[in-house]
1. Given the criterion surrounded by 24 or more Cβ atoms within 10 Å (Cβ to Cβ), of a type outside the set (Gly, Ala, Ser) and farther than 20 Å from residue 255 by Cβ, identify the matching residue among 398, 446.
2. May I ask you to list the residues in the range 16-48 that are touching a Phe, Trp or Tyr at 6+ places or on another chain (Cβ under 6 Å) and closer than 17 Å to residue 206 by Cα?
3. So for the range 73-84 (the condition being open to solvent by 30 Å² or more (accessible area, probe 1.4 Å), of a type outside the set (Ser, Thr, Tyr), farther than 28 Å from residue 12 by Cβ and outside any helix (DSSP H, G or I)), does at least one residue qualify?
4. When you scan the range 167-191, how many residues do you find that are at pLDDT 75 or above and either of a type in the set (Phe, Trp, Tyr) or under 23 Å from the mean Cα position of the chain (by Cα) (or both)?
5. Do you know which of the residues in the range 238-259 that are small (Gly, Ala, Ser) and in contact with a Phe, Trp or Tyr (Cβ under 7 Å, 6 or more places away or on another chain) is surrounded by the most Cβ atoms within 10 Å (Cβ to Cβ)?
6. Identify, by number, the condition in (1) open to solvent by 10 Å² or more (accessible area, probe 1.4 Å); (2) in contact (Cβ under 8 Å) with a residue 60 or more places away in the chain that residue 438 doesn't meet.
7. Looking for whichever is touching a helix residue (DSSP H, G or I) at 6+ places or on another chain (Cβ under 9 Å), assigned to a helix (DSSP H, G or I), at pLDDT below 95 and exposed (fewer than 15 other Cβ atoms within 10 Å of the Cβ) here; the options are 14, 99, 9. Which one fits?
8. State yes or no: is residue 301 of a type in the set (Asp, Glu) and touching a residue at least 24 places away in the same chain (Cβ under 8 Å)?
Amino acid sequence: MDILMHPKVQSVCVWYKNGGDILLFLAYSLLLTVYMGQERIVSRGEPLYWLLTLPAVAAPLPRLRQTVENLIFGCARPIAVMGVTASLWFGLRGDTGAVPPIILIAWVSAWASRSEVRINVRWLFAIILVFYGIGSLSFVLQPPFEKYSWLMQEYQGDPLGADAADSGNIALPPQDREGIDINAWGILPGQTAPAYGPWRISMVPNIATSGIISLFVFLIALKHLGFRWLNITTVVAAAYFTILSFVRSALIGLVLCSATTVVLTLLPDNARLRVTVAFAMTLGLILIVGLSPFALYHLQDIPLISRLLLRNQSGLSLEAIYRQAYRPWLWLQHLQIFWQSDYLMGYGSSLAQSATEKLLNANQIRSDSVSLPTRLLATYGLPALGFFYFLGERCYTHAKENDIWGVSMLSLLIWLMMTWGSIFHPTNAIFVLALLIIGRGGNAFHEDPKQK
């Protein structure tokens, strides 16, 4: 008892319950991404699957009471309703494969968004800088990509091709290729392997993970910007990996978040008005993306447009541009699947099998998960509306508290979930950090009073 009452032990316990557990999970998850390739497909039951899944299941257990309270009484109630109703429906129908994913989403969401969490940004910045350091060291020490013939093949645009895309006979990339887990993008301009197209940079082998986690940290660091070396270094490093990754969703999201912040600042302190404007800007951007292939077809010869929005390609047909954009087509497919499902309750686990046969990603592997909100709707049907309600309720709460940063970040996160939803998985750092921001807004982070 004397040991437990020691001031240092008490301080560690307070740190842990106030978000130290989330920081530990973020550090672990980010470390794993250093060794996971851009095209790595994680199969159920393999060691990497358990390395990803078990920590997500176990991390909330030390804060079990607080996590359950959040599910029953806290802001995670809409997600709890989604999880329970979807589990009961598909469980009674014998589709047990659809139950664990939705339970894991609700479980991790409630843990990440619990009200007691308030992270010291110094810890977050230290973790991300160590992450950048490990990623850089790993890149320097890894074998040169010239060693692997498949990485030396020149990028030829969309690797699927129109005929193959229409036939649906695309094979998944072989997972036994040597060097599949190395960072083929590079950490300096000009280091990208020929197979990955024009140069882009990434801290880890998966460029979307590098670009989006850097975007989150960049916006958090800007909110807590001060004349301290840790803050300045974090802002510069995060900006570097955000902008030069050329992840289109991240760059467009940065503009959306900035514009939303400016507009909301100019509006009166009216929660309903601010929420309406924020959602209108986000949905307007989504609508623009849906119509963008028609505009890009006429603007593709402009070098800046080609570089940022078309992977440095030009002379593309309208069909090729539409296939590269991919998201608008997928949104429509998901909505049609939802509308055609029995009692509007989704297709459950059978959607995944259908996706391997019919739905194509614009990259080198198939995926129907690049849009998280519409995929939840197609998979779980009406219960997924609980997730939409959760987003709306949290946005309104942040607006009432005059948390403009929280509202703007939520708009950004909705955009990213619609365009890069596949990386918002409950087993990774991006999902946990996103749910923390959605649930707590600007109150999720603070600075050490001694540093103010």
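The values are calculated or read from the model by the stated rules, or taken from the named source; none is laboratory data. Computed from a prediction, not measured in an experiment: that's the story for all the values here. For neighbour counting, all protein chains shown are included, and Cβ atoms are generated from backbone atoms with ideal geometry for every residue, glycine included. Keep in mind that these areas ignore ligands, DNA and RNA; they rest on the heavy atoms of the full protein, side chains included. Shrake-Rupley method; radii C 1.70, N 1.55, O 1.52, S 1.80 Å.
1. 398
2. Start the filter on the range 16-48 by keeping residues that are touching a Phe, Trp or Tyr at 6+ places or on another chain (Cβ under 6 Å), which leaves 23, 30, 42.
Within the range 16-48, 30, 42 qualify.
3. Narrowing the range 73-84 to residues open to solvent by 30 Å² or more (accessible area, probe 1.4 Å): 73, 77, 81, 84.
Still in the running and of a type outside the set (Ser, Thr, Tyr): 73, 77, 81, 84.
Remaining after also requiring farther than 28 Å from residue 12 by Cβ: 77, 81, 84.
In the following step, the residues that additionally are outside any helix (DSSP H, G or I) were identified as none.
No: zero hits.
4. 8
5. 253
6. So the condition that residue 438 fails would be (1).
7. So the residue among 14, 99, 9 that is touching a helix residue (DSSP H, G or I) at 6+ places or on another chain (Cβ under 9 Å), assigned to a helix (DSSP H, G or I), at pLDDT below 95 and exposed (fewer than 15 other Cβ atoms within 10 Å of the Cβ) is 14.
8. Details: of a type in the set (Asp, Glu): yes; touching a residue at least 24 places away in the same chain (Cβ under 8 Å): no.
Against the criterion (of a type in the set (Asp, Glu) and touching a residue at least 24 places away in the same chain (Cβ under 8 Å)), residue 301 does not qualify.
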